[in-house]
Amino acid sequence: MVDVSGDGADAANGSNNGTDAANDSVAATDGGGASVADETPTTSTASGGDGFVAVLAAAVDRIRSEPGLAAPFVLAGILGAASSVARIASPYPIGVTPFPQRGLLSVSAPFVPNLEPAIEIGSSILPGMKPPFLLGLVAWQVTVAAVTTVAFAVVLWRFSPGMSETTSALESANPIPPLRRIGRLLALVLAVQCGFFGVTFVAGVLGGGTLGIVFLAMLIVVALSAGLFLTPAYLVLEGSGLREGALESVDRVLERPISAATLVVGLGYLSYAVTGVGTLVPSTTVGVFVGTVASVAVVGTIHAAVVVTAYRRWGEQTTNSS
């Protein structure tokens, strides 16, 4: 099933930014336990590798060495959980589907961390909806997207040491990235989520849920998420424009499309699977709350770490090859 929410998470502290090759080492450990931060960029890329397994392992190692990086997504998870519980009590028709209610195999490809992984909002929600309810739904979705964007941007910023040429010393010392960069990311998140919703809506109208149309819609969503996978890093860490950041991301991803697609789909499935923690709680409402906090806090942080790690390693690999 294609995840149409694409939502994510919220905010807290930050650190520095950077794309300078001399400062772009990841404060993690490679597979043998050696510190990647103590190596040169060329050595870290060569020893750690740039495949999806190496990227994921390095990202998790960084989080383990600095668990405080998860704070923004813990807060975001609480907000996402509150939003999910409010949706259950709202008049809007939504699906409450924590793991494994969508099935053991469920495909989703979130562009940014999903703030409400136990909630499904189908395209069938729109037809016949009265304008006041539609405006309320849009405002709700924009709020969730804004929370997602701020949390994601802050964690990306905290993961990135050093300064880029486009980042001043004053901005680098700030705990959060410049607001203009967050604004660009929010614009992209909203555009991508509208695109996802549009694809699923058209698929529902044209195909009526037939397997072929659903599969085609899923491929489009996965391709879009994978292609734009690194764009948030370019927008937040380098201050790139929307077009420039998207093109840079697509250029890097085309060199390793299988790794990018695997990471996107894997993160989507992990976000859904962790919501199963809430099934241990007898109450459905409390279970959704607990599962959402756990999913957003864990997978949201991993998602941001993976994006930064892939951004560095894949960029270094391209530079070294040239």
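The values are calculated or read from the model by the stated rules, or taken from the named source; none is laboratory data. What you see is a predicted model, and the numbers here were worked out from it, not measured in a lab. Here Cβ is always computed from backbone atoms with ideal geometry, including for glycine, and neighbour counts include all displayed protein chains.
Numbers for the structure displayed
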{"item": "Scope segment 175-203; condition of a type outside the set (A, V, I, L, M, F, W, C), over 21 Å from Ala151 (Cβ atoms) and surrounded by fewer than 18 Cβ atoms within 10 Å (Cβ to Cβ); matching residues", "result": "Gly195, Gly198"}
{"item": "Segment 142-164: number of residues that are modelled with pLDDT of 95 or more and among the polar types (S, T, N, Q)", "result": "3"}
{"item": "Within segment 263-296, tally of residues that are buried (at least 24 other Cβ atoms within 10 Å of the Cβ) and within 14 Å of Ala70 (Cβ to Cβ)", "result": "3"}
{"item": "Residue among Ser35, Ser15, Ser65, Ser25 that is at pLDDT below 90 and touching a strand residue (DSSP E or B) at 6+ places or on another chain (Cβ under 8 Å)", "result": "Ser35"}
{"item": "Complete set of residues in segment 106-133 that are in contact (Cβ under 8 Å) with a residue 40 or more places away in the chain and surrounded by fewer than 22 Cβ atoms within 10 Å (Cβ to Cβ)", "result": "Ser106, Val107, Glu120, Gly122, Ser123, Ser124, Leu126, Phe133"}
{"item": "Pick from segment 165-183, criterion part of a loop (DSSP other than H, G, I, E, B) and at pLDDT below 60, ranking: farthest from Val154 (Cα to Cα)", "result": "Glu165"}
{"item": "Residue in segment 81-89 that is assigned to a helix (DSSP H, G or I), touching a Phe, Trp or Tyr at 6+ places or on another chain (Cβ under 9 Å) and not small (Gly, Ala, Ser) present", "result": "yes"}
{"item": "Filter result (farther than 17 Å from Arg313 by Cβ and either at pLDDT below 95 or touching a Phe, Trp or Tyr at 6+ places or on another chain (Cβ under 7 Å) (or both)) within segment 245-276", "result": "Gly245, Tyr272, Ala273, Thr275, Gly276"}
{"item": "Odd one out for Glu255 among (1) among the acidic types (Asp, Glu); (2) farther than 24 Å from Arg180 by Cα; (3) part of a helix (DSSP H, G or I)", "result": "(3)"}
{"item": "Any hit, segment 83-98, residues being surrounded by fewer than 20 Cβ atoms within 10 Å (Cβ to Cβ) and within 25 Å of Ala261 (Cβ to Cβ)", "result": "yes"}
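Conditions tested, residue by residue: (1) on the phi > 0 side of the Ramachandran plot; (2) in a strand (DSSP E or B); (3) over 16 Å from the mean Cα position of the chain (by Cα).
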position: Ala70; (1), (2), (3): no, no, no
position: Pro98; (1), (2), (3): no, no, yes
position: Leu105; (1), (2), (3): no, no, yes
position: Asn114; (1), (2), (3): no, no, no
position: Gly128; (1), (2), (3): yes, no, yes
